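Notes follow once the structure below has been shown.
The values are calculated or read from the model by the stated rules, or taken from the named source; none is laboratory data. This is a predicted model, so every value here is computed, not measured. As a convention, Cβ positions derive from the backbone with ideal geometry for all residues, glycine included, and neighbour counts pool all protein chains shown.
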Amino acid sequence: MAAITYSVAPKYQDFYDNTTTTAIVQYNGYYTPSSPPSLPHLPAYNDTNASVQVMAGLRSLADAEHPCNVPLSTSTNLIYTVSVNSYPCINNSCAGANGTRFSSSINNISFHTPTIDILQAYYYNISGVYGDKFPSDPPLVFDFTADYLPLIYQLPSSGTEVRVLEYNSTVEIVFQGTNVLAATHHPMHLHGYSFYVVGWGFGNFDGNKDPLRYNLVDPPFQETISVPSNGWVAIRFKASNPGVWFLHCHVERHLTWGMETAFIVKNGKHSEAQMLPPPSDMPPC
């Protein structure tokens, strides 16, 4: 088994580790290979066509006897832009362009990590730790994937905002990639849930046309999905797991720059739909 990392960010190719990782997979049984396995031929690390072919071929194993539970309609519809940004520094003192530093954002908000964790603040009703006004749509609407964008779009706001979801609500999120500062793919990961990937494409998401092409029959069921460079991905899930759940880009650099937020899913009516209390020996944050 061999694998390489896919990367298309042109500004960071000089820092890319273009090496191949390998592993040996052994099976129990009596099979004896006729010859040693050869190393597979892998596509170039920036081969978008190869990546798209894999992504387009993913399906669940659903059939008439085992249908998947993808929500056919949704009660909460969200559009989240994911962007790499720059952030101003005092007296232009940082090492980035024009004395700025790199940042990243979801819906133009670069997440500020609080000193008290959001789960603890929510459970114990501690005020002043986070806000619950994370926008459902991009606060700035423009041609997200245009070749040239004004510099003003590179500057995000900073905050600790989350989105509150009703228990058992059916949720659709469209992640929209942008060409702000640098277009690249973003593997978005949601804690606490798996979700159905119902659609994706390149360019700007069209809310009238693109949902007509959704796969609501046998979409893949995943925990992480890569938003294509200058493209979009649509996911659906049912908010049936109460608690506080982290949403972030799985490129660690982008996460630390602020491409993250959280969902608070409210408790349901019955005891099995309630958050569990923290363990008695849980260390303080």
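Computed quantities for the displayed model
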quantity: Hey, P71 outside the structural domain of T178 (by TED's automatic domain parsing), outside any helix (DSSP H, G or I) and within 30 Å of L140 (Cα to Cα) or not; calculated: yes
quantity: Failed item in (1) of a type outside the set (K, R); (2) out of contact with any helix residue (DSSP H, G or I) (no Cβ under 6 Å at 6 or more places or on another chain); (3) at negative phi, with S103 passing the rest; calculated: (2)
quantity: Residue satisfying all of: in the range 89-131; in contact (Cβ under 8 Å) with a residue 12 or more places away in the chain, surrounded by 16 or more Cβ atoms within 10 Å (Cβ to Cβ) and more than 30 Å from E166 (Cα to Cα); farthest from the chain's Cα centre (by Cα) among these; calculated: T100
quantity: Test: V70 is closer than 15 Å to S158 by Cα, in contact (Cβ under 8 Å) with a residue 12 or more places away in the chain, out of contact with any Cys (no Cβ under 6 Å at 6 or more places or on another chain) and buried (at least 17 other Cβ atoms within 10 Å of the Cβ); calculated: no
quantity: Members of the range 176-235 found to be of a type in the set (A, V, I, L, M), over 19 Å from V84 (Cα atoms) and not in a strand (DSSP E or B), listed by number; calculated: L212, L216, V217
quantity: Enumerated strands (runs of 3 or more DSSP E) restricted to the range 75-142, each holding at least 3 residues that are polar (S, T, N, Q); calculated: 76-87, 101-106
